[in-house]
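Written below as structure tokens is the structure these notes are about.
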Amino acid sequence: MIKFSDLKLDAKVLKAVEETGYTTPTPIQAGAIPPALEGRDVLGIAQTGTGKTAGFTLPMITMLKRGRARARMPRSLVLAPTRELAAQVAENFDTYAKYTKLTKALLIGGVSFKEQDNLIDRGVDVLIATPGRLLDHFERGKLILSDVKIMVVDEADRMLDMGFIPDIERIFGLTPFTRQTLFFSATMAPEIERITNTFLSNPAKIEVARAATTSETITQGVIMFKGSKKTSEAIEKQKLLRDIIASEGANCRNGIIFCNRKIDVDAVAKSMTKAGLDASPIHGDLEQSHRMRTLAKFRDGTLRFLVASDVAARGLDIPNVSHVFNYDVPSHAEDYVHRIGRTGRAGKTGATIMICTPRDQKNLDDIERLVEMAVPRMDLPGMPSAAPSAKPAEVVATIDDRPKRTRTRGGRGRKNDAEKAVTAPIETAQSEAPKQDTPKVEAPETHVPKAETPKVETTKVETPSAEPIRFEPTQHAPRQDHSDNSKREQSRAGRNRGGRDNHDRGPKVVGMGDDAPTFITMSFDERQDD
């Protein structure tokens, strides 16, 4: 069996490793460290939680023990996709390089530019950064990458998911062509393979496990869940999560709960806290200082549950996580491998449970296709059955006893047959009683005689405001009686709209005839005189 002492590491590095309690390297460490010490490019593919961070940190410290960094010109560069992962790499560097004089700088968002500039100005041996913040410093003229001798890209597939590949390609172009490149990833997407073929020179490929495989030390399960109503599905799903945690009992010492959306992270953490469970959210919208404090509490055991987005799914080395709960089925199948890799690390056992709704079935099929196994189905724990269904049944019965109403096109309610049967005698009596007043109902028809039409015409007012007064009575009055043709013709004549539709106007006039205006006739006469 290979030991760290067999890997030709520096004595000071070996001393730091021994103090951490590790004596035997993991397969990815045993495969990546020897070619890295030889100066070769390395392409490491291994599932998360296998010790990739130490696989490039230990040889980097050994190779950088000689030499001195110059201002604004780091000697090595480590790129990480998230702030948390970059901070974790910095912690590993501090642990393994504590007996050396190597310096480091951490360039991540959420921290003042001035503090980071001061570190860079003094010169650093190791620069650990996220791509965005690194390019910010470079564009401000505070950083020169022409002296980088070792470049590390950690969690390259996560870089691809977060859209950092164009930035990575640009950073590769800013570093010397003669650099040594160490490339690590848990999965090998086609885009990642293209980059490795472009920027790595004859790399030593170390693949300790098939890409996107899950650890055998993790017990997996999925619960198929369907809410009773769409409006109450979120509340029922949150209660199901708490029931799952309760069903695990003492085996669930702590756990990470992953959600797809940041808004769900906050909602789940709030519901768990309200139910008496010690939980705290972590996602990209929170301040960096708050995120670091939350992670520190979870690591030292003062916080039991960490509700997280995928910002905490990659590369975070949190020891002794007993459970991982996927509140949502991840949209990308690769994220499932990274999420559940937070438990069952370093040979320890772990458990993961996922909640799947009908709309998540396609994503679940993609996961099973990727890991080449069916995730075992589990029964619903502690879901209420009789009590909740009885109460809605009583409500439905009460509502059914009430008279139903339908809606007409006008939006008004219409009585049903039962109401009509009850109110029929009253309506009949009311309809029969006022039959004597029938002329009162027909009054509008007889009250507006057609003789009033000329009366309106005789009062000609030349102002525009008089037009509505002249047309309104004659427009509406004839419409009340469509059967009287003579009255209709009379009303048309009363409108006097230039004789349109007037059948009594005589034969049609062809040309101008006698109806020609006088001024036109005069003009014709003048032309004839000429």
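Laboratory data are not the source of any read-out in this text; all were calculated from the coordinates shown. Keep in mind that this is a model prediction, so the values were computed, not measured. Every residue, glycine among them, receives a Cβ derived from its backbone with ideal geometry; neighbour counts consider all protein chains shown.
Considering the convex hull of the alpha carbon atoms of region 89-180, report its projected area averaged over all viewing directions, in nm², one decimal.
It is 6.4 nm².
With θ set to phi - 60° and the Karplus curve 6.51 cos²θ - 1.76 cosθ + 1.60, what are the ³J(HN,Hα) couplings of region 286-296 in order, to the nearest whole Hz, using x for Gly and Pro?
Per-residue couplings from phi come out as 7, 5, 4, 4, 5, 5, 5, 5, 5, 5, 5 Hz.
Among I195, I61, rank each residue by its count of other Cβ atoms within 10 Å, from fewest to most, as a rough exposure measure.
I195, I61
Quick one: if you stick a label point 7 Å off each Cα along the C-beta vector at K15 and I2, how many nm between them?
2.5
What does the highest-first list of 370-376, 106-112 look like by mean Cβ count within 10 Å?
The densest-packed peptide leads the list: 106-112, 370-376.
Going by a ≥ b ≥ c, the root eigenvalues of the Cα gyration tensor, does region 227-341 fall in the rounded group (a/c under 1.5), the prolate group (a/b larger than b/c) or the oblate group? Before the final figure, lay out each step's value.
Numbers: a/c = 1.39, a/b = 1.25, b/c = 1.12.
Rounded is the answer for region 227-341, as its axis ratio a/c remains below 1.5.
Given the convex hull of the Cα atoms of region 4-207, what is a quarter of its surface area in nm²? Numbers along the way, then the final one.
Values: hull surface 41.1 nm².
It is 10.3 nm².
Work out the FRET efficiency for T24 and K142 from their Cβ-Cβ distance, taking R0 = 56 Å, and round it to the nearest 0.05.
Rounded to the nearest 0.05, the efficiency is 0.85.
What ranking of C259, C252 emerges when the number of other C-beta atoms within 10 Å of each C-beta is taken as an exposure proxy, fewest first?
Going from least to most buried by this count: C252, C259.
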